[in-house]
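Below you'll find the structure, written out as structure tokens, and then a few comments.
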Amino acid sequence: MKRNIYLKKKSLEEAKAILFDRFSDLGLKASEIVPVPDAVGRTLAEPVFARLSSPNFHAAAMDGIAVRARDTFGVSETRPRELVVGEKTFFLNTGHVLPPQCDAVIMIENVQVIDETRVRIEAPVFPWQHVRKMGEDIVATELLFAQNHLVTPYCVGALLSGGIFSVPVRKAPRVLIIPTGSELVDWRDLGPAALAPGQVLETNSFVLGKLVEATGGTWTRHEKVSDRQEKIADAVTGAAAQGYDMVLIVGGSSAGSEDFARAVIAELGEVLVHGVTIMPGKPVIMGTVSDRPVFGIPGYPVSAIIAFEQFVRPMICRMLGRPDFEPVLAEVVPTRKIASKLGVEEFLRVKLGRVGDRITATPLPRGAGCITSITEADGIIRIPAHVEGLPAGEPAAAELLRPLSSVNNALVVVGSHDNTLDILADQVRVRHPGLTVSSSHVGSLGGLMAIRKGVCHVAGTHLLDTDDGSYNISYIQKYLPDTPVRLVNLVFRDQGLIVAKGNPKGIRGIEDLARQDVSLINRQAGSGTRILLDYRLGQIGLDPAGIAGYGDEEFTHMAVAVAVLSGVADTGMGIHAAAKALDLDFIPVVTEQYDLVIPEAFFAIAPVRILLETIGTEDFKQRVLALGGYNTDRTGTFWI
């Protein structure tokens, strides 16, 4: 079958220059008149000048009496003066019109009322004291807001006070989003049925639509179009006739035999760019059809988001006459060395947290199909195309995806994966909404190394000492000899072999891994589960080299369970809770101790104290027990 080939890929800067140069005369959107309260979030199409002054009269700024200032000159405590109410002196409240013959207000606290017609004062006032002059805030005919100003809720008060009740705003650009792919399924049509193998839920159009909306545009989702070039071409052709300002073809932008976005744009108009040296987002296409920008958006979710933010969003902003969103940057320190490919600018998603006096950054999975690498990310580090990566400990700039206050209030947990950490994170948020638990899964030894480097507050670990059967303490003594720490138990848990429902291979224990018809999915080197497996293999004299799949690794218990569920492997070592969560069978091997290592330097900080309080609650323990395969009798017990 015929396949696409990428045109010469452009750098991010080159691609933007080509796009914006081609549409430099696109022009700003036409205007429409809307009531002021409805203009929030819209861009003014014309300058707005006040019709009224505010206040539009001289007004009292205090409760008291209105006077002529010159009538108070010379007054003092030793020379008080009586004034007659109703002649040149008048009682009034804040906001009342100042009588025309008066030019000052004496606060009521400084007035001695003799009777209904006479008052005594003991201090003078100067002209216009405690008076809001006409036009103090707004003067009729003055410029309130310039053209292309983004209307905020604060602006509503100024506009209405200035006598402006409706304003001209730029019409929102209309964007047509066309999801393509014969494998796609609309989530609204799925019902209770499960996805069949090969089917994919179509979510990109909804994500992109809401991004359009957040930028100031409006969007329409075209019904899913199958992988047929003529059908996609019909949808794009119809967009111009229906008055859309921009088209996003979602999927089919890469180089596969059924990727038709480039061919459609070339057939109907002109391809400007196909392929940009960024990751994710490389396959993005930019072109023009009927003098409208048409984009081929990659089908992987993270690629789609990056492509939108780098190209589509700036184009919408230009149509609205507003600047693109400026990222908020923070200096961060990577927790480990990060490799990157030369010649490609990478948008690396990271978890962030303030540990001591610096913000640490832990990389998330880099796959363009991992939407959770965006939803879980606190920031993005852009690794330039001319470098091969980032060294550990060297400062880097991160674009924040969350407020800095959220990053500063994150409890950073690094180490072995356990399902109870998710329960713990949720329970902490229930009790303390401003605190987040940011956990990264790098294995038990990885957690201890993170403690040694000072890049986390807490490490999760379950390292078996094969000499005496104890857990964690000997490893702490070996790897953290100069770091005072506390060791607290989180749970005891059942660890064993996860197998398919009904155990079709009849696996009974570790010894069955030697069978030629049994394949394993392993955990990464340095994880407590890997150490346990290797220990048991040594006990029975089984050579790992003879085990099918021993070199295939995953980083979490749930990933192992998914591999078994999907048939990638017949079995893998993991916790009972992971098997139960996916309705798989479980063969117990050992009950092990899962602890939290806390450096003394962080033991007294508020987030850690909150963490320890939370694991001691009955609510947390009951939720853990409901997962299955856990024991909480020693939860909260300090070993050291």
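The values are calculated or read from the model by the stated rules, or taken from the named source; none is laboratory data. The shown structure was predicted, so the numbers you read here are calculated from the model rather than taken from an experiment. Glycine gets a Cβ as well: all are built from the backbone with ideal geometry, and neighbour counts include every protein chain shown.
Please work out which residue is surrounded by the most Cβ atoms within 10 Å (Cβ to Cβ), limiting yourself to the range 353-365 and to residues that are assigned to a loop (DSSP other than H, G, I, E, B) and under 16 Å from the mean Cα position of the chain (by Cα).
It comes out as Leu364.
Residue under question is Thr220, and the condition is that it be part of a strand (DSSP E or B) and not assigned by TED's automatic domain parsing to the domain that holds Leu565; does it hold? Can you show your working first?
Working: part of a strand (DSSP E or B): yes; not assigned by TED's automatic domain parsing to the domain that holds Leu565: yes.
It is true that Thr220 is part of a strand (DSSP E or B) and not assigned by TED's automatic domain parsing to the domain that holds Leu565.
Any residue at all in the range 93-109 that is surrounded by 13 or more Cβ atoms within 10 Å (Cβ to Cβ) and over 27 Å from Pro55 (Cβ atoms)?
Checked the range 93-109: no residue is surrounded by 13 or more Cβ atoms within 10 Å (Cβ to Cβ) and over 27 Å from Pro55 (Cβ atoms).
Can you spot a residue in the range 591-613 that is buried (at least 18 other Cβ atoms within 10 Å of the Cβ) and among the basic types (Lys, Arg)?
no
To keep it simple, each residue is scored yes or no on (1) among the polar types (S, T, N, Q); (2) at pLDDT below 95; (3) not in a strand (DSSP E or B).
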position: Gly287; (1), (2), (3): no, no, no
position: Val294; (1), (2), (3): no, no, no
position: Ile306; (1), (2), (3): no, no, yes
position: Phe311; (1), (2), (3): no, no, yes
position: Met319; (1), (2), (3): no, yes, yes
position: Asp324; (1), (2), (3): no, yes, yes
position: Pro327; (1), (2), (3): no, yes, yes
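Among the residues of the range 130-146, what is the count of those that are over 30 Å from Arg322 (Cβ atoms), of a type in the set (D, E, K, R), at pLDDT 90 or above and assigned to a loop (DSSP other than H, G, I, E, B)?
1
Which one of these does Glu82 not meet: (1) among the charged types (D, E, K, R); (2) without any contact (Cβ under 8 Å) to a residue 60 or more places away in the chain; (3) out of contact with any strand residue (DSSP E or B) (no Cβ under 6 Å at 6 or more places or on another chain)?
For Glu82, the failing item is (3).
Considering only the range 132-174, state which residues are hydrophobic (A, V, I, L, M, F, W, C), under 30 Å from Gly209 (Cα atoms) and surrounded by 14 or more Cβ atoms within 10 Å (Cβ to Cβ).
Hits for the range 132-174 are Phe145, Leu150, Val151, Cys155, Val156, Val167, Val169, Ala172.
Select from the range 498-524 the residues that are farther than 19 Å from Val590 by Cα and without any contact (Cβ under 8 Å) to a residue 60 or more places away in the chain and write down the one among them that is surrounded by the most Cβ atoms within 10 Å (Cβ to Cβ).
Per the criteria, the residue is Ser519.
Among Glu376, Glu326, which is under 30 Å from Val151 (Cβ atoms), within 17 Å of the chain's Cα centre (by Cα) and surrounded by fewer than 24 Cβ atoms within 10 Å (Cβ to Cβ)?
Matching residue, one of Glu376, Glu326: Glu326.
Among the listed residues Gly454, Gly469, identify the single one that is outside the structural domain of Ala601 (by TED's automatic domain parsing), more than 22 Å from Thr571 (Cα to Cα) and small (Gly, Ala, Ser).
Just a single option satisfies the conditions, and that option is Gly454.
Of all residues in the range 592-640, count the ones that are touching a residue at least 12 places away in the same chain (Cβ under 8 Å) and over 28 Å from Pro481 (Cα atoms).
15
Condition test on Pro314, is it outside the structural domain of Val151 (by TED's automatic domain parsing), within 27 Å of Asp25 (Cα to Cα) and not charged (D, E, K, R)?
yes
Which numbered condition trips up Asp494, out of (1) more than 16 Å from Pro588 (Cβ to Cβ); (2) among the charged types (D, E, K, R); (3) surrounded by 15 or more Cβ atoms within 10 Å (Cβ to Cβ)?
Every condition holds for Asp494 apart from (1).
Being surrounded by fewer than 20 Cβ atoms within 10 Å (Cβ to Cβ) and free of Cβ contacts under 8 Å to residues at least 12 places away in the same chain is the requirement here; does Ser406 meet it?
no
Examine the range 39-56 for a residue that is more than 18 Å from Phe145 (Cα to Cα) and either modelled with pLDDT under 95 or loosely packed, with under 13 Cβ neighbours inside 10 Å (or both), and state whether such a residue exists.
Yes, the range 39-56 contains a residue that is more than 18 Å from Phe145 (Cα to Cα) and either modelled with pLDDT under 95 or loosely packed, with under 13 Cβ neighbours inside 10 Å (or both).
Can you give me the number of residues within the range 623-636 that are closer than 13 Å to Leu490 by Cα and either exposed (fewer than 13 other Cβ atoms within 10 Å of the Cβ) or aromatic (Phe, Trp, Tyr) (or both)?
Counting residues in the range 623-636 that are closer than 13 Å to Leu490 by Cα and either exposed (fewer than 13 other Cβ atoms within 10 Å of the Cβ) or aromatic (Phe, Trp, Tyr) (or both) gives 2.
So, restricting to helices (runs of 4 or more DSSP H) that lie completely within the range 418-490, which ones have at least 3 residues that are over 32 Å from the mean Cα position of the chain (by Cα)? Give the steps one after another, and end with the answer.
On the way: elements: 420-431, 444-453, 473-479.
By residue number, 473-479.
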